[in-house]
């Protein structure tokens, strides 16, 4: 259920809310103004999602949750580096949803921010293209872990983001397999191959900027001094960290593989050019011999066999013999 969040200045943003108590979902879709009412009840954790909020929209949360001004500024500004900032009594997470277009190799990244307190998770969606349904489904599918509090909500968010990164890497890997097959086609498609290779490489560079910092983010969440992850959720966060490592290592290897494909394509083009040049040079050598023989017997001065049948036979034998000999020689050398 989506409701409207309104600030004192009159600006609005779409919002979604949930409250958990004792490991059970007790209310969903309540007004943002009732956020403090739920937090006043011991053992209650809340989740609030805001879509493209302004600084004024976040003003009500600054006083309610004690959010730092720098964290609020990061939540409003776009294109933050994926990170986890630590403040006195809360954390701010900056991360990205990664999605690879099905018909092209273009990668789309959409920024997601999150304020993390001991009893609340506030997510900031900076694009309406980010769908909440997968996140809600992930939480509802692991409701038995809701007793772990905010770490349960945070795990669902991080797991969804990292799985998206992993899916994007896997899709790019499949596209690179297609590039490898096209690389050795009997009919070269060099221009198409180069274009697709650069598209994939561009997407990998973008994905790398998103995936690599997530190692630091998840590793920081696992730090025991933050006291954010309880023993029950520790294995689940460790699993997320393993996926982050696999995705980052996979991204690095694919980037090197694309570079290798481009270099191999240039090498194959050079080899194909050498084959063509050898063939053309061999035929040019054969034609040069025939030109020399016909040129000699085309002289308008007397020579042995001039004006006689023997001269014609001699020239024909020379043409056929030398040309045939050169053809056999070039064929054995693999030039023809």
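Read-outs throughout are calculated quantities, based only on the coordinates presented, and are distinct from any laboratory measurement. Computed from a prediction, not measured in an experiment: that's the story for all the values here. Glycine also receives a Cβ, built like all others from the backbone with ideal geometry; neighbour counts cover every protein chain displayed.
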Contact order relative to length of the chain, as percent, for alpha carbon pairs under 8 angstrom and 6 or more apart: 13 percent
Label-point separation, residue 132 to residue 314 (7 Å along Cα→Cβ), nm: 10.1 nm
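Based on other C-beta atoms within 10 Å, arrange 294, 314, 251 from fewest to most. Show your work: numbers first, answer last.
Details: 294 12, 314 15, 251 24.
Ordered from fewest to most neighbouring Cβ atoms within 10 Å, 294, 314, 251 come out as 294, 314, 251.
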Net lengthening on full extension, residue 37/residue 238 (0.36 nm per residue, minus Cα-Cα): 69.0 nm
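Which order do 332, 55 fall in if you start with the one that has the fewest other Cβ atoms within 10 Å? Please list the in-between numbers first.
Working: 332 9, 55 16.
Ordered by Cβ neighbours within 10 Å, fewest first: 332, 55.
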q = 0.15, 0.16, 0.22 Å⁻¹, segment 1-122: log10 I(q)/I(0) [Debye, one scatterer per Cα]: -0.73, -0.81, -1.32
Separation of alpha-carbon centers, segment 105-152 and segment 15-51, rounded to whole Å: 14 Å
Prolate/oblate/rounded call for segment 46-174, Cα gyration tensor, a/c under 1.5 rounded: oblate
Principal-axis tilt of helix 309-332 within the chain, Cα atoms, nearest 10 degrees: 30 degrees
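Can you sort 237, 198, 115 from fewest to most other Cβ atoms within 10 Å of each residue's own Cβ? Write out the running numbers ahead of the final one.
Working: 237 20, 198 13, 115 27.
Result, fewest neighbours first: 198, 237, 115.
In whole Å, what three semi-axes, largest first, describe the equivalent ellipsoid of the chain built from its Cα gyration tensor (square root of 5 times each eigenvalue)?
On the way: eigenvalues 1109, 68, 41 Å².
Square roots of five times the eigenvalues give 74, 18, 14 Å.
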Distance histogram in 10 Å bins (all Cα pairs of segment 141-180, percent per bin): 27, 32, 21, 15, 6
Shape category assigned to segment 174-261 from the gyration tensor of Cα positions, a/c cut at 1.5: prolate
